[in-house]
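Contents: one structure, followed by commentary.
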């Protein structure tokens with residue numbers, strides 16, 4: 001894979017792994033810059049990288065630093081990104097603006113997917129993807145993440161889509177654009193904070209080896225979409241009713257405050273954390289670590305398959 005070094009700077013560990021065809025897992029950075037409070041964001045990012053390493057793969061946290069795409073950060077760079085400061089949130093559509101304007105940015109799911117594919121990384125671990133927002137029939141608010149899944153061949157391991165979204169319509173959209181969706185060791189499609197959304201997972205994968213074989217065939221056939229592998233969170237909120245009330249209230253407050261587009265998710269997740277006395281943050285960090293480890297296991301299994 002040829003890397004355009006005018007715009008992309010891989011970290012030494014990641015570059016060595018890519019050159020040696022070793023397993024690498026992409027990790028997104030909006031959870032660091034916009035998703036979690038400091039210093040929990042730094043701790044969680046470090047723990048996610050360690051989960052990937054524990055699974056036998058190399059972590060590649062992706063972001064923009066001073067107008068350069070970075071694929072893999074050292075400890076000082078990760079700390080700098082986590083500290084409160086003037087960072088922006090960038091999806092794939094904003095990368096062309098962010099580079100010449102020298103932005104420091106966290107990359108969303110779509111931005112991370114696009115960059116990962118550019119450097120040859122096929123596995124990506126994250127918390128939850130974006131989707132069709134509640135009320136999208138009036139507002140047209142559909143996350144860029146779904147469009148990127150439809151056109152970028154990266155396998156995304158997440159806890160489904162965020163529970164603040166219209167999950168049924170999101171699944172319908174992914175079906176329409178041909179993106180395969182799997183429950184990982186579950187028949188239920190998870191809803192970020194919860195192991196079930198009330199919707200069935202279209203297909204099921206039993207383990208990392210199954211996921212790796214499925215992804216390999218997907219690529220062998222020349223199918224150029226991504227793949228969504230949905231893992232239930234390892235812990236959930238005991239009071240499901242309280243969670244749903246918090247989600248509904250946070251969505252309502254966002255609408256009443258006129259919050260829209262990319263500002264919706266950070267606002268709503270922040271309010272849910274407040275309304276659940278921090279329990280949602282505990283679940284969020286647990287599922288982030290878990291998904292990073294699952295992505296690492298799949299990347300390692302894929303490496304084994306290809307070596308055979």
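The values are calculated or read from the model by the stated rules, or taken from the named source; none is laboratory data. From a predicted model like this one, the values you see are computed outputs, not experimental measurements. Note that we place each Cβ from the backbone using ideal geometry, even for glycine, and neighbour counts take in every protein chain shown.
Somewhere in segment 228-235, is a residue more than 22 Å from residue 132 (Cα to Cα) and modelled with pLDDT under 95? Yes, there is a match, as at least one residue in segment 228-235 is more than 22 Å from residue 132 (Cα to Cα) and modelled with pLDDT under 95.
Of the residues making up segment 146-162, those that are surrounded by fewer than 22 Cβ atoms within 10 Å (Cβ to Cβ) and assigned to a helix (DSSP H, G or I) number 3. The set of residues from segment 2-41 being in contact with a helix residue (DSSP H, G or I) (Cβ under 7 Å, 6 or more places away or on another chain), within 24 Å of residue 100 (Cα to Cα) and assigned to a loop (DSSP other than H, G, I, E, B) comprises 3, 28, 29.
Of the residues making up segment 166-188, just one is free of Cβ contacts under 8 Å to residues at least 40 places away in the same chain, touching a helix residue (DSSP H, G or I) at 6+ places or on another chain (Cβ under 9 Å) and within 19 Å of residue 233 (Cβ to Cβ), namely 170. Just a yes or no: is a residue in segment 136-143 buried (at least 18 other Cβ atoms within 10 Å of the Cβ), assigned to a loop (DSSP other than H, G, I, E, B), under 18 Å from the mean Cα position of the chain (by Cα) and at pLDDT 95 or above? Checking segment 136-143: not a single residue is buried (at least 18 other Cβ atoms within 10 Å of the Cβ), assigned to a loop (DSSP other than H, G, I, E, B), under 18 Å from the mean Cα position of the chain (by Cα) and at pLDDT 95 or above. Could you go through segment 119-128 and let me know if any residue there is surrounded by fewer than 20 Cβ atoms within 10 Å (Cβ to Cβ) and either assigned to a strand (DSSP E or B) or over 12 Å from the mean Cα position of the chain (by Cα) (or both). Yes, there is a match, as at least one residue in segment 119-128 is surrounded by fewer than 20 Cβ atoms within 10 Å (Cβ to Cβ) and either assigned to a strand (DSSP E or B) or over 12 Å from the mean Cα position of the chain (by Cα) (or both). Out of all the residues in segment 92-115, is one or more in contact (Cβ under 8 Å) with a residue 40 or more places away in the chain, in a strand (DSSP E or B) and over 19 Å from residue 228 (Cβ atoms)? Within segment 92-115 (the criterion being in contact (Cβ under 8 Å) with a residue 40 or more places away in the chain, in a strand (DSSP E or B) and over 19 Å from residue 228 (Cβ atoms)), the answer is yes, since at least one residue qualifies.
Take segment 58-95 and flag every residue that is at pLDDT below 95 and either under 28 Å from residue 300 (Cβ atoms) or surrounded by fewer than 14 Cβ atoms within 10 Å (Cβ to Cβ) (or both). 66, 84, 85, 86 - these are the residues of segment 58-95 that are at pLDDT below 95 and either under 28 Å from residue 300 (Cβ atoms) or surrounded by fewer than 14 Cβ atoms within 10 Å (Cβ to Cβ) (or both). Residue-level check: of (1) modelled with pLDDT of 95 or more; (2) crowded, with 18+ Cβ neighbours inside 10 Å; (3) closer than 30 Å to residue 249 by Cβ; (4) touching a strand residue (DSSP E or B) at 6+ places or on another chain (Cβ under 7 Å), residue 200 misses just (2). Scanning segment 67-90 for residues that are touching a residue at least 40 places away in the same chain (Cβ under 8 Å), part of a helix (DSSP H, G or I) and more than 14 Å from residue 13 (Cβ to Cβ) turns up 81, 82.
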